[in-house]
Amino acid sequence: MEHSEGFLKLVNGAKSRIQETTPELVRARQQAGETLIVVDVREDNEWEKGHAAGAIHLGKGIIERDIEKAIPDHDAEIILYCGGGYRSALVADVLQYMGYNNPVSMDGGWKRWLELQYPTETD
């Protein structure tokens with residue numbers, strides 16, 4: 001997907017302020033037995049087609065409204081992903097602004113997760 005210059009500027013600004021990880025590191029941590037909070041921030045129709053096994057869904061359009069109810073611990077590590085790592089970077093930036101101390105965007109997102117054939121599920 002080709003992104004507009006303004007969107008990329010916004011994403012790059014967010015990426016300069018947030019933590020990032022990769023699907024490879026997330027999966028390695030899962031396989032090591034860590035319990036992670038993984039949040040899919042994609043649109044409802046994307047989520048319904050498939051998502052990372054064990055993830056919860058809080059779409060980018062509603063996460064600011066619902067995050068404190070779903071994940072009240074502002075110190076919890078929250079792994080966020082979208083299609084490729086752009087929207088999740090924006091969400092991580094916003095969550096930091098809201099007082100969350102450890103949101104992490106998964107660079108490569110769903111596309112990379114699928115490429116690596118990591119566990120998925122559908123609703």
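The values are calculated or read from the model by the stated rules, or taken from the named source; none is laboratory data. Since we're looking at a predicted model, the values are computed, not measured. Note: ideal-geometry Cβ built from the backbone for every residue, glycine included; neighbour counts use all protein chains shown. When the accessible area is computed, the model is the full protein with side chains, heavy atoms only, and any ligands, DNA or RNA have been set aside. Shrake-Rupley method; radii C 1.70, N 1.55, O 1.52, S 1.80 Å.
Points worth noting:
- Mean Cβ neighbour count within 10 Å, used as a protection proxy, ranking 58-70, 81-93 highest first: 81-93, 58-70
- Burial order of peptide ranges 25-31, 113-119, 4-10, 50-56 (average beta-carbon count within 10 Å, highest first): 50-56, 25-31, 113-119, 4-10
- Extreme residue, positive dipole direction of the chain, given options H3, I71, A89 (C-beta unit charges): H3
- Total lysine pairs in the chain at Cα distances under 22 Å, for residues eight or more apart or on different chains: 8.
- Take every DSSP beta bridge whose two residues both sit in the chain; close to 15 percent of them are antiparallel.
- Sequence-separation-based contact order of the chain, relative, with Cα cut under 8 Å and 6+ spacing, percent: 34
- The fraction of accessible area contributed by carbon and sulfur in the chain is 48 percent, rounded to a whole number (1.4 Å probe; ligands and nucleic acids excluded).
- Accessible surface, the stretch 11-91, averaged per residue in Å² (probe 1.4 Å): 49
- Full extension of the chain segment joining I62 with K9 gains 16.8 nm, where the gain is 0.36 nm per residue of separation less the Cα-Cα distance.
- Taking 15 Å as the cut-off, the amide N atoms of the stretch 99-123 that come nearer than this to a point 7 Å along the Cα-to-beta-carbon line of D73 belong to 100-104.
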